[in-house]
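Below is one structure, written out as structure tokens; the observations come after it.
The values are calculated or read from the model by the stated rules, or taken from the named source; none is laboratory data. These numbers come from a predicted model, not from an experiment. For neighbour counting, all protein chains shown are included, and Cβ atoms are generated from backbone atoms with ideal geometry for every residue, glycine included. For accessibility, only protein heavy atoms count, side chains too; no ligands or nucleic acids. Shrake-Rupley method; radii C 1.70, N 1.55, O 1.52, S 1.80 Å.
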Amino acid sequence: MKMEGAMLLKLVLVAAAVVNTVHGHGTRVGFYSRTCPAAESIVTSTVESHVRSDPTLAAAILRLHFHDCFVRGCDASVLIAGSATERTARPNLSLRGYEVIDDAKEKLEARCPGVVSCADILALAARDSVVLSGGRSWKVPTGRKDGRVSIGSEALSLPGPNDTVSVQKTKFSDKGLNTLDLVVLVGGHTIGTSACQSFADRIYNPNGTADPSIDPSFLPFLRQICPQNQPTKRVALDTDSQFKFDTSYFAHLKRGRGILRSDQALWTDPSTRPFVQKYLATALFNYQFGNSMVKMSNIGVKQGDDGEIRNKCSAIN
């Protein structure tokens, strides 16, 4: 009986390990608990220090993680510097926050040399940025390796500000993300800004009219913030709440006050509107955002010989 019980226990443990590996693509919560116990706290304190000095970095770090995962998976390939890398691609030219990840990496290398990947630092930093902006925390599975390849042209397929819902669905589906994930993750626009050039054609059409999906009473405000021929000026994606992780972003979509065409389309398209309506509730949105972030952070995870632990996040070893 004891032998049978031991065998049964062993089978249960093996099955649990297999399920965990498949579900998490090889990542798991607490991956560094033995090899670098202070890893997560070091990342958190580093992000906190930078965001307290410059609150705009919270949205920048979240965006950096998103752009990383949508090209070659979550392998920190977006951090690699050099000619024709992802960093040089047009959709990534406005990315910021590299110095935060570099700072965390330097501290981790001093404490645990060659242990913590840049890809994991970026995933943890994205979570910490949301928490520092008032969002709900979630457990981040770790154990990613860093990629060795970064090709700028591959970043041209990133979701864009003028994508229709159909195009957005395809791009997310290609990464294993569904419509719910799409709406929730785009809801990350509750923090951050956009360059006026990304939506100027919505408020300055050649025929003198504006995008009819824009609330007419909102148009004078947008034109004041974004005068013609000043494309680099920036506007909050969530008006009056760009530093607070909340659901006012969805409320603005309902009122026709989404900034990007791709954002406002989530309300006008009948297939995504129900999700926008559902996540007007802060508690529901906060909970699901963490779930969808974990799902996204497991896209294309590299392990074993498929990747490495970079010494510096901006360069392959």
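When the test is whether a residue is under 20 Å from the mean Cα position of the chain (by Cα), assigned to a helix (DSSP H, G or I) and either under 22 Å from Asp163 (Cα atoms) or not β-branched (Val, Ile, Thr) (or both), Gln288 passes it. For Ile259, the conditions (1) open to solvent by less than 20 Å² (accessible area, probe 1.4 Å); (2) part of a helix (DSSP H, G or I) are fulfilled apart from (2). Return a yes/no flag: does the stretch 164-172 have any residue that is under 28 Å from Val276 (Cβ atoms), outside any helix (DSSP H, G or I) and open to solvent by 10 Å² or more (accessible area, probe 1.4 Å). The answer is yes, given that some residue of the stretch 164-172 is under 28 Å from Val276 (Cβ atoms), outside any helix (DSSP H, G or I) and open to solvent by 10 Å² or more (accessible area, probe 1.4 Å). I'd like to check something: does the stretch 153-168 contain any residue that is farther than 17 Å from Ser262 by Cβ and more than 15 Å from the chain's Cα centre (by Cα)? Yes, the conditions are met somewhere in the stretch 153-168.
Within the stretch 119-148, the residues that satisfy the criterion of being out of contact with any Ser or Thr (no Cβ under 6 Å at 6 or more places or on another chain), open to solvent by less than 10 Å² (accessible area, probe 1.4 Å), over 13 Å from Gln303 (Cα atoms) and assigned to a helix (DSSP H, G or I) are Ile121, Leu122, Leu124, Ala125, Ala126, Ser129, Val130. Among the numbered conditions (1) in contact with a Leu (Cβ under 8 Å, 6 or more places away or on another chain); (2) aromatic (Phe, Trp, Tyr); (3) farther than 19 Å from Val294 by Cβ, the only one that Tyr204 does not meet is (1). Counted as qualifying within the stretch 1-114 are the helices (runs of 4 or more DSSP H) with 3 or more residues that are surrounded by fewer than 20 Cβ atoms within 10 Å (Cβ to Cβ) and modelled with pLDDT of 95 or more, namely 39-53, 98-111. Selection of first residues in the stretch 40-63 that are at negative phi and of second residues that are open to solvent by 60 Å² or more (accessible area, probe 1.4 Å) and in a helix (DSSP H, G or I), restricted to Cβ pairs under 7 Å at least 6 apart or on distinct chains, gives the following pairs, ordered by first then second residue: Ile42/Lys107; Ile42/Arg111; Thr46/Lys107. Of all residues in the stretch 196-214, those satisfying the criterion of being modelled with pLDDT of 80 or more and assigned to a loop (DSSP other than H, G, I, E, B) are Phe199, Tyr204, Asn205, Thr209, Ala210, Asp211, Pro212, Ser213, Ile214.
Among the candidates Thr232, Thr209, Thr282, the residue that is over 18 Å from Gly188 (Cβ atoms) and either touching a helix residue (DSSP H, G or I) at 6+ places or on another chain (Cβ under 6 Å) or touching a residue at least 12 places away in the same chain (Cβ under 8 Å) (or both) is uniquely Thr232. Pairing residues of the stretch 165-188 that are closer than 20 Å to Ala251 by Cα with residues that are modelled with pLDDT under 95 and of a type in the set (A, V, I, L, M, F, W, C), at Cβ distances under 6 Å and at least 6 apart in sequence or on separate chains, gives no pairs at all. Confirm whether Gln224 is more than 28 Å from Arg52 (Cβ to Cβ), of a type in the set (S, T, N, Q), crowded, with 19+ Cβ neighbours inside 10 Å and free of Cβ contacts under 8 Å to residues at least 60 places away in the same chain. No; evaluated as a whole, the condition is false for this residue.
Let's see how each residue does on (1) open to solvent by 40 Å² or more (accessible area, probe 1.4 Å); (2) touching a Lys or Arg at 6+ places or on another chain (Cβ under 7 Å); (3) farther than 26 Å from Ile101 by Cβ:
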| site | (1), (2), (3) |
| --- | --- |
| Phe245 | no, no, no |
| Asp269 | yes, no, yes |
| Gln277 | yes, no, yes |
| Met296 | no, no, no |
| Glu308 | no, yes, no |
